[in-house]
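Here is the structure we will look at, set down as structure tokens.
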């Protein structure tokens, strides 16, 4: 493998000027091609620690290329809406509320809409599109909370607490994470 002056200097741990001096004094063989010095990698006078470092770099590069190509690796797990904490909180609340109040109750319709918005946001590509869907989901969850409070039923209290304490916090976490990503 042919190396430029810069590459040879890096491998030797020397400056380009020092490598030129080694070439001029005959301590390092090199050929000038097209106005550039080229040094055969096998001709570099590497110490044993330098040879070990080059070997480590070459192995790391080979591993990175193999990993990048995905050789002999199972495919990575797919991203799913079920991985979102907000979805993990909202789905059991929806199921519990549907059993308690019925799926046609206004609170359950709104909570179902929150689940739909979470799903839409999860599978959007653009950060702003995700944020818009998550905000709409948070608004739907707020509406569900309001409808539950308006029912005045004691049995709805665990649903109210679940939405207010857990689900709203999960929505906030999703939106904060997106804001941090868009600032980078």
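May I ask you to derive the FRET efficiency for residue 157 and residue 129 from their Cβ-Cβ distance with R0 = 41 Å, giving the value to the nearest 0.05? With a Förster radius of 41 Å, E is 0.70. Relative to the longest principal axis of the Cα atoms of the chain, the long axis of helix 106-122 makes an angle of roughly 10 degrees. Only DSSP H runs of four or more residues enter the estimate; each adds -39500 (n - 2.57), and after division by the residues of the chain the mean residue ellipticity at 222 nm equals -21500 deg cm²/dmol.
Looking at (i) 10.0; (ii) 17.4; (iii) 16.4, which value of mean projected area of the Cα convex hull in nm² comes from a calculation on the structure shown? So the calculated entry is the one marked (ii). Dimensions of region 81-183 from C-alpha coordinates, computed as largest minus smallest value along each principal axis and given longest first, are 43, 21, 20 Å.
Principal-axis analysis of the Cα atoms of the chain puts helix 48-69 at an angle of about 40° to the longest axis. By the beta-carbon count within 10 Å of each Cβ, the least crowded to most crowded order of 94, 134, 21, 79, fewest first, is 79, 21, 94, 134. Our compactness index for region 2-69, the C-alpha radius of gyration over the empirical 2.2 N^0.38 Å, is 1.24.
Listed from fewest to most Cβ neighbours within 10 Å, the set 115, 148 follows the order 115, 148.
Taking the C-alpha atoms only, the angle from helix 85-101 to the longest principal axis of the chain is near 20 degrees. Centre-to-centre, using Cα atoms only, region 6-36 and region 147-184 are separated by 65 Å. Take each peptide in 102-108, 7-13, count the other Cβ atoms within 10 Å of every residue, and average; sorted highest first, the result is 7-13, 102-108.
Bear in mind that the values in this text are calculations on the coordinates, not laboratory data. Because the structure is predicted, anything quoted here is derived from the model rather than measured. Positions of Cβ are backbone-derived with ideal geometry, glycine not excepted, and every protein chain shown enters the neighbour counts.
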